[in-house]
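Working notes, structure below.
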Amino acid sequence: SVTGVQTCALPICNFHEAWETIAMMERAGVAVDHYTISIMMKALKKVRNQKDVNLALQLLDRAGLDVCADEILLNTVLETCTRHRETRRLESILTNFMKSGLQPSLHTYGSLIKASAALKNLDQCWALWHEMADRRAMIPSDIVLGCMLDALVCNGQTDEALDLFRKWMNQVPGNTVLWSTLIKGFANTHQAERAMDAWREMRCEGIKMNTVAYNAVIDAQARVGAMDAVSTLVETMAVDGCTPDAITYSTIVKGYCVKGDLDKAFEVFRGMQKNKMAGDSIIYNTVLDGCTRHGRMDLADVLLEDMDKYGVVPSNFTLGILVKMYGRRRQLHKALEVVKELPARHGFQPNAQVRTCLICTCVNNNALDTAFEVFEDVKKHSQSVDAKAYGAMISGCIRYGWLVKAVTLVDEAYGLNQQGRKGLPPRDRKSVV
């Protein structure tokens, strides 16, 4: 029936039919309510197509619903916007939430903290945490604590995350996920030995290890090229009943790439190919990036041939690496060509990060006019241009003596003298110049 989409709890497997049903509802004058929106938002968890995300958000706008009036709807919209980096909408929702007077549940506090972290607004993360834990005296679940730890870790405050973990460990016992989050923080900040200490403490406390946790510790070592420690961890995985997976081997490859031992990285990579563990672009991206960083363009070309040979579908991350690679080889025409042809061939859109990378490549290859063309294209196809893109354009203009254009770009970034354009969010403006 036309109204069936409103109450169906089953996952949506066919977006085309779902949208047709919603179109029928709207034509028939059947109200799209928070149930409809929540179902569509939940369905987006397994969807990568930005078109479906945009359609769902447009449906939300047409429905005119107050997101903060229903906690289920608030959670699903926050999670969707966080996952798909809809930053401007997140900012708007969080602003409205602060004015709403809604008393969130623990689960909603977790979603709000995740959203605030995605905006790099740690002050708001802490405000939500203190409201929950201090003012309302709510004991966080391990999931909510994990959200806060992840917010701190992802924003470079691993020590603060560890302090918070220690403070609550008597009421919220440590588990594999919480420890893995802390280890990820040590990996992000290249504190390999602290990651090893955390691993030892986990085992000492009898916390069950799994492959995900091991991958986090191995990643911490791989990022600094500590391959002896990686070998120790891989050996201990068997003792703890954990089986290395594709991510494990990909991380080992990354370690050799960091160390600059591309031949050893290729040896492990070939083993992954042989064992059918190199089926997606992630491992190819790792080796491609290593080849680009260390100037092994001979191996990079072999990898690209392998991707075509084995039908490996590239991602935006692959595209970004290729743009950097061709830029370093002074082959700007190939960088422009690959951004045009690869997404068209594989059915995806270059994201803002790829276009920003292309802008930097144009500037570094003395093609400022082309950089401006790409820059305008970013503004046309993206919700916003990031600080890195503005910074690259401004520095390029200064380098070539285009000072008037540089000043215009600074004004634009700061939202000055604009006709309806907001420029960069205040938090990002300081990194432009």
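The values are calculated or read from the model by the stated rules, or taken from the named source; none is laboratory data. Worth saying up front: this structure is predicted, and the values here are computed from it rather than measured. Neighbour counts run over all protein chains shown; Cβ positions are idealised from the backbone, glycine included. Only protein heavy atoms, including side chains, enter the accessible area calculation; ligands, DNA and RNA are left aside. Shrake-Rupley method; radii C 1.70, N 1.55, O 1.52, S 1.80 Å.
Of note:
- Residues of the range 263-283 that turn out to be farther than 14 Å from Thr248 by Cα and within 25 Å of the chain's Cα centre (by Cα), as a count: 3
- Pairs meeting the criteria (first residue in the range 15-30 and part of a helix (DSSP H, G or I), second residue crowded, with 17+ Cβ neighbours inside 10 Å and charged (D, E, K, R), beta carbons under 8 Å, at least 6 apart or on different chains) are Phe15/Asp52.
- Any hit, the range 107-123, residues being farther than 24 Å from Lys42 by Cα and in a helix (DSSP H, G or I): yes
- Gly260 vs. criteria open to solvent by 10 Å² or more (accessible area, probe 1.4 Å) and under 27 Å from the mean Cα position of the chain (by Cα): yes
- Boolean, Leu368 is modelled with pLDDT of 90 or more and under 24 Å from Lys51 (Cα atoms): no
- All positions within the range 19-49 that are surrounded by fewer than 14 Cβ atoms within 10 Å (Cβ to Cβ), under 14 Å from Cys81 (Cα atoms) and out of contact with any Asp or Glu (no Cβ under 8 Å at 6 or more places or on another chain): Lys46, Arg48, Asn49
- Any hit, the range 117-135, residues being touching a helix residue (DSSP H, G or I) at 6+ places or on another chain (Cβ under 6 Å), more than 30 Å from Ala192 (Cβ to Cβ) and open to solvent by 10 Å² or more (accessible area, probe 1.4 Å): yes
- Among the residues making up the range 364-393, those that are over 28 Å from Leu119 (Cα atoms) and touching a helix residue (DSSP H, G or I) at 6+ places or on another chain (Cβ under 7 Å) are Asn364, Asn365, Ala367, Leu368, Thr370.
- Per-region count, the range 273-282, residues surrounded by fewer than 18 Cβ atoms within 10 Å (Cβ to Cβ), touching a residue at least 24 places away in the same chain (Cβ under 8 Å) and assigned to a helix (DSSP H, G or I): 2
- Scan of the range 81-105 for residues that are at negative phi, without any contact (Cβ under 8 Å) to a residue 60 or more places away in the chain and in a loop (DSSP other than H, G, I, E, B), ordered by number: His84, Leu102, Gln103, Pro104, Ser105
- Inter-residue pairs, beta-carbon under 6 Å, first open to solvent by less than 60 Å² (accessible area, probe 1.4 Å) and in the range 63-75, second of a type in the set (Phe, Trp, Tyr), 6+ apart: Cys68/Phe97
Conditions (1) modelled with pLDDT of 95 or more; (2) open to solvent by less than 40 Å² (accessible area, probe 1.4 Å), marked per residue:
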position: Leu164; (1), (2): yes, yes
position: Asn170; (1), (2): no, no
position: Ile183; (1), (2): yes, yes
position: Glu193; (1), (2): yes, no
position: Trp199; (1), (2): yes, yes
position: Lys208; (1), (2): no, no
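- Candidate set: the range 283-337, residues that are free of Cβ contacts under 8 Å to residues at least 24 places away in the same chain and closer than 19 Å to Arg355 by Cβ; chosen: the one most open to solvent (accessible area, probe 1.4 Å): His333
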